[in-house]
Structure formats: C-alpha cells, structure tokens
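Colleague: The structure follows.
The values are calculated or read from the model by the stated rules, or taken from the named source; none is laboratory data. Bear in mind that the values here come from a model prediction, so they are computed numbers and not experimental data. Counting neighbours? That spans all protein chains shown, and the Cβs are built from the backbone with ideal geometry, glycine included. These area figures cover heavy atoms from the full protein model, side chains too; ligands, DNA and RNA do not enter into them. Shrake-Rupley method; radii C 1.70, N 1.55, O 1.52, S 1.80 Å.
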Amino acid sequence: MADKPMIEMRAVGKWFGQFQVLKNVDLAVAQGEKIVLCGPSGSGKSTLVRLVNGLEPSQAGKVTVDGIELKNDPKTIEAVRSEVGMVFQSFNLFPHLTAMENLTLAPVWVRRLPKKDADALALQLLERVRIAEQAHKYPAQLSGGQQQRVAIARALAMKPKIMLFDEPTSALDPEMIKEVLDVMVELAAEGMTMVVVTHEMGFARTVADRVVFMDQGEIVESAAPKTFFEAPRTERARLFLSQILGH
Amino acid sequence: MRWVRENLFGNWASAIATLAILWLAWKLVPPFVQWALIDAVWVSPDSRPCRAEGAGACWALIAEKHRFILFGTYPFEHQWRPGLAILLLIALYVASALRRFWRPALALAWIGGLALIGLLMWGGTAGLAYVENERWGGLALTLLLATFGIAFAFPLSILLALGRRSKLPAVRALSVLWIELVRGVPLISLLFMASVMLPLFLPEGVNIDKLLRALLAMIVFAAAYLAEVVRGGLQAIPHGQGEAADALGLPYWRKTLLVILPQALRISIPPLVNTFIAFFKDTSLVVIIGLFDLLTSIKVALGEPAWSGFGVEAYLFAALVYFAFCFAMSRYSQDLERELERGHARTERGV
C-alpha cells in the first residue's frame with residue numbers, strides 16, 4: 001500500500017444544478033484493490049464511479065487516475081479512458097455490431113491494433129467470459145447475462161488497469177446474475193483493480209477488500225467487509241443493511 | 001370466398017363500404033380505360049385526329065413531343081448526349097442500390113460517371129459541340145438537380161444536425177441559425193434570392209451561372225430539412241451508446257462515425273427517404289427562375305397552339321415519370337430497412 005494509489009480523489013465536490021451530489025469526497029484505491037461501493041439510491045455512488053473515467057466532470061477537488069490528473073481537456077480524459085474499463089447497468093453494447101465487432105472496435109480505432117490481432121484478442125476474451133460460440137451474434141440475439149459478459153469482455157479488450165462496474169447485475173433476471181458475478185470474481189482473482197457499485201452483498205463479502213458506504217453524497221463508512229457487515233459504526237449504515245438484507 | 005365474406009362483408013358497415021367502393025370503381029374505371037387505352041390516339045404528326053369526335057387520350061402528343069419533354073431546349077441533333085447522361089445516372093442509382101456494390105470502387109464509379117455526364121452535357125472537347133447549361137432541360141435537368149442536390153445536402157445535413165447538438169456554442173448557434181432561417185422560408189423565395197439577389201452581392205466580374213445558383217439554393221434548403229430528420233435519429237439513440245463509446249476512449253469523430261451515426265441513420269431511413277422524395281419533386285420549382293425542368297418542358301410543349309388543350313395527357317405523363325422515380329426510391333428504402341433490420345430483431349435468442 002506504500003505505492004501511489006491507482007485512483008485518488010481529494011475533496012471532490014459535484015453539483016447537478018443546485019443539488020450537491022458529492023460532498024468533499026476523499027478516496028484512494030490501491031493497485032489491485034477491490035472496492036465495493038454501496039448505499040441508498042441517490043447517494044452519489046454512480047456519479048463517483050463516473051468521475052473516475054471523466055464521464056462526469058468534478059467541480060471541486062482533484063481526481064487522479066494512474067498518475068494522470070483529470071482535467072477538462074479531451075487529451076487527458078482520453079488518456080485516462082483508455083486505461084479504465086467500464087461496465088454499465090444497461091450493458092450499452094453497440095446493437096449494430098456483432099459481439100466480436102463490439103470487442104474489436106476500440107482496440108482497432110483507439111489502440112491501432114491490426115485487425116487480425118484484435119480479432120484474436122477478442123476471441124480469446126470471449127472465451128474467457130465463456131461466450132465464444134456467440135461471437136458472431138448481434139446483441140439483440142443474446143440474453144441479458146450474455147450481453148453483460150460481452151460488455152465486460154469489450155472493456156477488457158482495451159487491456160485496462162482499472163475496471164469500473166456500475167450496478168452490473170441490477171438489470172438482469174435473477175438466474176443470470178450468477179454467470180456475470182462469476183466472471184467478475186475471476187477477474188478479481190487475477191488481480192484487477194476494481195471499483196464496483198453493487199447491492200450484491202455476497203459478492204462484496206467474498207471479493208471486496210473494502211466496502212465503501214455512501215449516503216447523501218458523502219462517504220459515511222469505509223471498512224473491510226467483515227467489519228462493515230458485522231459491526232457497522234453508523235446508524236445510517238445499519239439502517240441500509242437492515243433494508244437490503246432484511247428480505 | 002370465405003375470405004371475402006369475412007373481410008369484405010363482415011358486418012353491415014363493412015358491407016356498405018365494400019359496395020360503395022365497387023360502385024365507384026364501376027363508374028370510374030371502365031370510362032378511364034375507354035379514354036386512356038381503347039379510344040386513345042397513339043400516333044399522329046398533328047393533333048387533328050385527337051380533336052375528332054369520340055377520340056380518347058391524345059398520346060400522340062407525348063409521342064411527338066417526348067424529345068422536348070425529356071431534353072428541353074437541348075440542341076435537337078445532340079439530344080443523344082443528355083439521353084446517355086440519363087441512362088448513366090440511372091445505372092449509377094441502380095449500382096448504388098445493390099449492396100454487393102457497396103465498396104470503395106463505387107465512389108470512384110460515381111466520380112467517373114459524373115465527370116462523364118458533365119462531359120456529355122457540356123461538351124466542348126472530344127469532338128462534342130459545346131452546349132451552355134442555359135439550354136439544358138427536361139428530365140436530364142431534373143435528375144441532375146436532384147442527384148447533385150441530395151449528394152451535397154445529405155452530408156451537409158449530418159454536419160448541421162451534429163452541429164446543433166454540439167457543445168461548442170458558436171457551432172451550435174450557426175447550425176440553429178441556418179436550420180431555422182432556411183426552414184422558415186419557402187423554397188421558391190430561396191430560389192428567387194439565389195437568382196436575383198445573390199448576383200447583387202457578388203463582387204464585380206464574379207458571375208455564378210443560373211443553374212449553379214439554383215442548385216446552391218436547393219442544397220441549402222434541403223440540408224436544413226434533412227438536418228432535422230437526422231437530428232431526430234440522433235435523439236433516438238440512447239445516451240448510454242455515446243457513454244459506452246466514451247468509456248472505451250473513442251474520440252468524438254470516431255464515436256460519431258462508428259457508433260452513433262450508423263444507428264441514427266438506420267432509424268431515420270423512412271423520414272429521410274420521405275424528404276428525398278419531396279426534394280425530388282421540389283426540383284420542379286426551378287421553373288420560376290427560368291430553368292427548363294421536366295414539368296416546365298411539358299408546359300412549354302403545351303403552349304404550342306397545335307397541341308394546346310391536351311394538358312391532361314401531358315401532365316399524366318409527367319406524373320408517371322415522377323411516380324416511377326419516387327416509387328422506386330420508396331420501395332428501395334423499404335428493402336433496405338428490412339435488410340438492416342436483420343440482426344437487430346430478436347429473431348433467435350441465444351441459449
């Protein structure tokens with residue numbers, strides 16, 4: 001942990017109009033660390049994740065990713081984005097491209113990888129998420145779980161150092177959640193730095209190094225999963241846990 | 001029989017509607033066939049047989065005047081040149097419509113084809129006599145205006161639509177200004193402005209010819225309309241698509257060309273083709289600045305006393321020509337839609 005953190009946020013603030021979504025947020029994520037972000041809806045966790053790859057700009061404080069400070073110019077933002085993979089709640093696969101083409105698009109057009117190498121890489125990644133046999137199908141022909149696995153593979157095709165997950169299983173039917181989580185667990189085991197917004201507490205328990213609990217734009221608690229689940233320090237966290245674990 | 005009973009006479013209202021339509025058809029169709037086919041005068045060097053008692057449609061007018069209608073005032077002995085140009089254009093349309101020709105060579109074919117058409121129409125070299133474009137006319141002019149108009153207006157409209165959604169205030173303001181100003185004005189007044197006012201503003205000695213001015217006005221006009229159609233398509237693309245492309249590090253133009261536009265244009269096909277068809281027919285408005293398009297040629301042909309009074313036949317013919325092109329566009333767009341729909345439809349779900 002003595003290394004420089006992969007992601008560092010200092011006193012970050014963000015407003016949507018008059019409404020302050022993030023208040024004075026400090027967070028450091030070390031290389032290889034897996035963070036699970038949780039909290040009630042509207043607590044700012046998605047916004048926090050989207051700050052990391054510049055999908056949302058911050059209005060106060062400083063965000064540094066792999067030594068690059070995010071400023072409001074396209075060059076640094078693009079530099080950071082090619083290091084950071086992101087997986088969305090609604091998959092956001094490109095519907096006019098096949099699974100394979102979804103994976104090769106960015107490596108070819110951003111990394112300038114030759115088409116042949118990009119294809120080989122794509123196939124290897126699709127195999128890794130166990131969906132190689134669907135390589136030439138279009139997203140609409142795949143189930144939700146399959147689409148999300150393709151989306152994970154698409155992000156990995158850029159060989160990112162950090163992976164962000166914004167509620168990756170919230171849009172899935174229950175029977176498909178596991179196949180996506182399995183892929184994420186494997187990825188974690190390989191040492192990827194991960195920031196995951198999720199309510200899958202089982203995943204948090206087994207994979208996370210740290211659980212960060214947010215409420216109303218603030219980081220309320222940040223602790224190892226065992227500590228957080230068994231002895232939350234704050235009333236807000238206790239209330240939240242009782243709500244999501246209560247049913 | 002069962003189909004007839006169920007669908008045409010299913011209930012009282014539907015039975016009455018069916019009978020009314022049958023009665024109308026009985027009243028209208030046979031007399032039209034009688035007039036248009038059975039009693040028609042097909043060939044005649046002048047209009048005398050057409051004026052005879054009981055004569056039907058005077059198609060002889062078309063037979064006699066078709067060269068003028070198709071080629072306008074283009075010198076008679078050189079009319080094979082616009083004829084060939086029309087065939088070339090149609091060949092290019094057909095080649096562009098077939099997906100198996102969609103490769104870079106097609107762009108070269110267009111450039112070569114248009115150069116050849118220019119050579120044919122203007123002449124001046126290769127043993128062809130020079131024909132100034134004031135004398136171009138008829139169907140050749142209509143097709144040229146429509147082709148060049150759409151070819152320039154469409155890419156321009158995409159830029160305008162993107163500009164209107166741009167984060168750069170100057171680009172956005174300019175796009176909005178163009179679209180709103182041009183859309184708020186009838187095409188006729190734009191053509192007038194291009195033909196009458198534009199020369200006043202140009203410096204002494206600079207002279208853009210009438211045809212080019214008309215074409216410019218039409219491009220400016222069509223681009224504004226098409227831009228809103230394209231913008232409609234852009235609006236329909238979920239926000240997440242752009243975000244996913246951003247997250248992968250695709251810069252703006254690559255994101256736009258590879259992710260956003262292919263989807264936006266696909267869903268815009270029906271309104272795009274709608275606008276193309278309207279534009280094709282709007283080319284007939286160049287009449288007001290004295291260009292001889294298909295429709296004007298017909299009007300002039302009818303102005304001859306010998307053939308006056310047979311407007312119905314002439315305009316039916318014009319309608320048929322316009323219809324042929326517009327219907328082809330419409331059918332093609334439907335086929336294209338169906339083709340692009342594959343892969344998007346949830347036809348087979350993966351296991």
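Colleague: What's the total number of residues in the stretch B:306-351 that are assigned to a helix (DSSP H, G or I), away from chain A (no Cβ under 14 Å), at pLDDT below 80 and open to solvent by 70 Å² or more (accessible area, probe 1.4 Å)?
Modeller: 0
Colleague: While we're here: Limited to the stretch A:199-227, what total is found for residues that are out of contact with any helix residue (DSSP H, G or I) (no Cβ under 7 Å at 6 or more places or on another chain) and within 29 Å of residue A:19 (Cβ to Cβ)?
Modeller: 8
Colleague: Looking at the stretch B:5-26, can you tell me whether even one residue there is closer than 23 Å to residue B:318 by Cα, in a helix (DSSP H, G or I) and not assigned by TED's automatic domain parsing to the domain that holds residue B:309?
Modeller: Going through the stretch B:5-26, the residues closer than 23 Å to residue B:318 by Cα turn out to be none.
Checking the stretch B:5-26: not a single residue is closer than 23 Å to residue B:318 by Cα, in a helix (DSSP H, G or I) and not assigned by TED's automatic domain parsing to the domain that holds residue B:309.
Colleague: Hey, another quick one. Looking at (1) within 20 Å of residue B:319 (Cβ to Cβ); (2) surrounded by 12 or more Cβ atoms within 10 Å (Cβ to Cβ), which is the one condition that is false for residue B:29?
Modeller: (2)
Colleague: Moving to a separate point now. Working only within the stretch B:256-270, note down all residues that are open to solvent by 50 Å² or more (accessible area, probe 1.4 Å), more than 13 Å from chain A (Cβ to nearest Cβ) and touching a Leu at 6+ places or on another chain (Cβ under 9 Å).
Modeller: none
Colleague: Taking residue A:60 as meeting all but one of (1) out of contact with any Lys or Arg (no Cβ under 9 Å at 6 or more places or on another chain); (2) surrounded by 15 or more Cβ atoms within 10 Å (Cβ to Cβ), write down the number of the exception.
Modeller: (1)
Colleague: Can we say residue A:68 is aliphatic (A, V, I, L, M) and touching a Lys or Arg at 6+ places or on another chain (Cβ under 6 Å)?
Modeller: Numbers: aliphatic (A, V, I, L, M): yes; touching a Lys or Arg at 6+ places or on another chain (Cβ under 6 Å): no.
Considered against the rule, which asks whether it is aliphatic (A, V, I, L, M) and touching a Lys or Arg at 6+ places or on another chain (Cβ under 6 Å), residue A:68 comes out as no.
Colleague: Restricting to the stretch A:187-198, give me the number of residues that are surrounded by fewer than 18 Cβ atoms within 10 Å (Cβ to Cβ) and within 15 Å of the chain's Cα centre (by Cα). Steps first, answer last, please.
Modeller: Of the residues in the stretch A:187-198, the ones surrounded by fewer than 18 Cβ atoms within 10 Å (Cβ to Cβ) are A:189-191.
Imposing the further condition that a residue be within 15 Å of the chain's Cα centre (by Cα) reduces the set to A:191.
Result for the stretch A:187-198: 1.
Colleague: Could you please let me know if residue A:87 is more than 13 Å from every other protein chain (Cβ to nearest Cβ) and crowded, with 22+ Cβ neighbours inside 10 Å?
Modeller: On the way: more than 13 Å from every other protein chain (Cβ to nearest Cβ): no; crowded, with 22+ Cβ neighbours inside 10 Å: yes.
Taking the combined requirement at face value, the residue does not satisfy it.
Colleague: Can you find a residue in the stretch A:176-189 that is at negative phi and not in a helix (DSSP H, G or I)? I'd like the intermediate steps shown before the answer.
Modeller: Taking the stretch A:176-189 and keeping what is at negative phi, we get A:176-189.
Okay, now just the ones that are also not in a helix (DSSP H, G or I), so none.
Within the stretch A:176-189, not a single residue is at negative phi and not in a helix (DSSP H, G or I).
Colleague: Are any residues in the stretch A:43-56 touching a residue at least 40 places away in the same chain (Cβ under 8 Å) and in a loop (DSSP other than H, G, I, E, B), and if so, which ones? Explain how you work it out, then say what you get.
Modeller: So in the stretch A:43-56, the residues touching a residue at least 40 places away in the same chain (Cβ under 8 Å) come out as A:43-46, A:48-53, A:56.
Passing the criteria: A:43, A:44, A:53, A:56.
Colleague: If residue A:118 satisfies every condition in (1) more than 26 Å from residue B:239 (Cα to Cα); (2) open to solvent by 20 Å² or more (accessible area, probe 1.4 Å) but one, which is the exception?
Modeller: The failed condition is (2).
Colleague: Follow-up question, since we're still on this one. Suppose we filter A:97, A:121 for residues that are more than 19 Å from residue A:9 (Cα to Cα), in a loop (DSSP other than H, G, I, E, B), in contact with a helix residue (DSSP H, G or I) (Cβ under 8 Å, 6 or more places away or on another chain) and of a type outside the set (Lys, Arg); which single one remains? Working first, answer last.
Modeller: Values: A:121 fails: in a loop (DSSP other than H, G, I, E, B).
Only one candidate passes the filter, namely A:97.
Colleague: Under the condition of being assigned to a helix (DSSP H, G or I) and open to solvent by 10 Å² or more (accessible area, probe 1.4 Å), which residue from the stretch A:126-145 is farthest from the other protein chains (Cβ to nearest Cβ)? Lay out the reasoning, then the answer.
Modeller: Initial filter on the stretch A:126-145 (assigned to a helix (DSSP H, G or I)): A:126-128, A:132-134, A:139-141, A:144-145.
Retained after the next criterion (residues that are open to solvent by 10 Å² or more (accessible area, probe 1.4 Å)): A:127-128, A:132-134, A:140-141, A:144.
Values: A:127: 16, A:128: 17, A:132: 12, A:133: 9, A:134: 5, A:140: 5, A:141: 6, A:144: 10 Å.
So, considering only residues that are assigned to a helix (DSSP H, G or I) and open to solvent by 10 Å² or more (accessible area, probe 1.4 Å), the one farthest from the other protein chains (Cβ to nearest Cβ) is A:128.
So that you can scan it fast, the table gives a plain yes or no per residue for (1) without any contact (Cβ under 8 Å) to a residue 24 or more places away in the chain; (2) at positive phi; (3) more than 8 Å from chain B (Cβ to nearest Cβ):
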position	(1), (2), (3)
A:75	yes, no, yes
A:92	no, yes, no
A:98	no, no, no
A:102	no, no, yes
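Colleague: OK, next. Kindly list the number of the only condition in (1) modelled with pLDDT under 90; (2) out of contact with any helix residue (DSSP H, G or I) (no Cβ under 6 Å at 6 or more places or on another chain) that fails for residue B:238.
Modeller: Here residue B:238 meets the rest and fails (1).
Colleague: Return the residues of the stretch B:226-255 that are buried (at least 19 other Cβ atoms within 10 Å of the Cβ) and under 28 Å from the mean Cα position of the chain (by Cα); say none if nothing qualifies.
Modeller: Of everything in the stretch B:226-255, those that are buried (at least 19 other Cβ atoms within 10 Å of the Cβ) and under 28 Å from the mean Cα position of the chain (by Cα) turn out to be B:226, B:227, B:229, B:230, B:231, B:233, B:234.
Colleague: Of the residues A:224, A:231, A:171, which single one is open to solvent by 30 Å² or more (accessible area, probe 1.4 Å), closer than 20 Å to residue A:50 by Cα and more than 14 Å from the chain's Cα centre (by Cα)?
Modeller: Details: A:224 fails: closer than 20 Å to residue A:50 by Cα; A:231 fails: closer than 20 Å to residue A:50 by Cα.
Answer to the check: A:171.
Colleague: Take the stretch B:67-95 and flag every residue that is basic (Lys, Arg) and over 15 Å from residue B:144 (Cα atoms). Steps first, answer last, please.
Modeller: Taking the stretch B:67-95 as the starting set, the residues that turn out to be basic (Lys, Arg) are B:67, B:81.
Selection gives B:67 alone.
Colleague: Starting from the stretch B:237-251, keep only residues that are more than 7 Å from every other protein chain (Cβ to nearest Cβ), then list their pairs with residues that are not in a loop (DSSP other than H, G, I, E, B) whose Cβ atoms are within a distance under 7 Å, requiring at least 6 positions of separation or different chains.
Modeller: Note: pairs meeting the criteria are B:237/B:260; B:237/B:263; B:237/B:264; B:242/B:255; B:242/B:260; B:245/B:255; B:245/B:259.
Colleague: In this structure, is residue A:49 among the aliphatic types (A, V, I, L, M), within 30 Å of residue A:239 (Cα to Cα) and either facing chain B (nearest Cβ under 10 Å) or open to solvent by 30 Å² or more (accessible area, probe 1.4 Å) (or both)? Outline the logic, then answer.
Modeller: Details: among the aliphatic types (A, V, I, L, M): yes; within 30 Å of residue A:239 (Cα to Cα): yes; either facing chain B (nearest Cβ under 10 Å) or open to solvent by 30 Å² or more (accessible area, probe 1.4 Å) (or both): no.
In short, no.
Colleague: Among the numbered conditions (1) more than 9 Å from every other protein chain (Cβ to nearest Cβ); (2) in a helix (DSSP H, G or I); (3) closer than 24 Å to residue A:4 by Cβ; (4) open to solvent by 30 Å² or more (accessible area, probe 1.4 Å), tell me where residue A:71 comes up short.
Modeller: (2)
Colleague: Out of B:300, B:259, I need the residue that is out of contact with any helix residue (DSSP H, G or I) (no Cβ under 7 Å at 6 or more places or on another chain) and either over 26 Å from residue B:134 (Cα atoms) or modelled with pLDDT of 80 or more (or both). Which one? Steps first, answer last, please.
Modeller: Numbers: B:259 fails: out of contact with any helix residue (DSSP H, G or I) (no Cβ under 7 Å at 6 or more places or on another chain).
So the residue among B:300, B:259 that is out of contact with any helix residue (DSSP H, G or I) (no Cβ under 7 Å at 6 or more places or on another chain) and either over 26 Å from residue B:134 (Cα atoms) or modelled with pLDDT of 80 or more (or both) is B:300.
Colleague: Go through the stretch B:199-208 and count every residue that is open to solvent by 60 Å² or more (accessible area, probe 1.4 Å) and either at pLDDT 75 or above or not assigned by TED's automatic domain parsing to the domain that holds residue B:285 (or both).
Modeller: Our first condition is that a residue be open to solvent by 60 Å² or more (accessible area, probe 1.4 Å); within the stretch B:199-208, this holds for B:200-201, B:203-207.
If we keep only those that are either at pLDDT 75 or above or not assigned by TED's automatic domain parsing to the domain that holds residue B:285 (or both) as well, we get B:200-201.
Of the residues in the stretch B:199-208, 2 are open to solvent by 60 Å² or more (accessible area, probe 1.4 Å) and either at pLDDT 75 or above or not assigned by TED's automatic domain parsing to the domain that holds residue B:285 (or both).
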